[in-house]
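What follows is one structure encoded as structure tokens, with my remarks underneath.
The values are calculated or read from the model by the stated rules, or taken from the named source; none is laboratory data. Please read these numbers as outputs of a predicted model, since none were measured by experiment. Quick reminder, even Gly has a Cβ in these numbers, built from the backbone with ideal geometry, and neighbours come from all protein chains shown. Keep in mind that these areas ignore ligands, DNA and RNA; they rest on the heavy atoms of the full protein, side chains included. Shrake-Rupley method; radii C 1.70, N 1.55, O 1.52, S 1.80 Å.
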Amino acid sequence: MVETSLLQGVSSYDWLQWMLWQMMARDPEHYPSDNLTDLERTPALAYVPGRTKDGRWIQLANHMVRLFHSQLHALGLGHTLEDPKFAGLPRITGEPQQQMWQMILEKLREKTLDEWMDLFVKTNTDVAAEPYMTVLEGMSHPRCSTTAMSK
């Protein structure tokens, strides 16, 4: 039997933001307000779930600036890094953030999931991406094998 709470179940999805929010609430002098920790914030550009050409889903997770820039280059959006409107990527807000979000989603629809994963995993190792999987697919993932778990 496994016992847990709903809080433990979701904490891994937004742990960094929760910690920052708590530190800002507890010690605002040392941790000033940051719009990226606003509970009503729009989704961060670093974590984009998107549908691919074949209808499957992929999760991009490139929070670090260098990884996000690598992701843009791999998607064919590297030119946006020269546009002043997108200065500060991935930590931008407002209309530029929404425009970038849409551009990323449109690019993801240009290739199949396997094509993107080949590009991200085999060609460009600086892009964090994982396909959404069924439970059975997830259980046969190389990192879920008994060998991987024992390391």
Assuming Lys85 fulfils every condition listed in (1) within 17 Å of His63 (Cα to Cα); (2) surrounded by 10 or more Cβ atoms within 10 Å (Cβ to Cβ) apart from one, which condition is it? (1)
Test: residue in segment 74-96 that is outside any helix (DSSP H, G or I), over 15 Å from Ala44 (Cβ atoms) and of a type in the set (A, V, I, L, M): yes
Criterion first (of a type in the set (S, T, N, Q) and open to solvent by 70 Å² or more (accessible area, probe 1.4 Å)) does Thr134 satisfy it? yes
So Asn124 clears everything in (1) open to solvent by less than 50 Å² (accessible area, probe 1.4 Å); (2) under 15 Å from the mean Cα position of the chain (by Cα); (3) not acidic (Asp, Glu) except one condition, right? Which one? (2)
Residue check, Leu105 against (1) in a loop (DSSP other than H, G, I, E, B); (2) at pLDDT 95 or above; (3) more than 19 Å from Asp118 (Cβ to Cβ), all met but one. Which one? (1)
Name the residue, out of Leu20, Leu67, Leu60, Leu39, that is at pLDDT below 90 and surrounded by 11 or more Cβ atoms within 10 Å (Cβ to Cβ). Leu20
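Would you say Met117 is within 29 Å of Pro142 (Cβ to Cβ), of a type outside the set (Asp, Glu) and loosely packed, with under 14 Cβ neighbours inside 10 Å?
Working: within 29 Å of Pro142 (Cβ to Cβ): yes; of a type outside the set (Asp, Glu): yes; loosely packed, with under 14 Cβ neighbours inside 10 Å: no.
Taking the combined requirement at face value, the residue does not satisfy it.
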Taking segment 23-36, which residues are open to solvent by less than 50 Å² (accessible area, probe 1.4 Å) and modelled with pLDDT under 75? Leu36
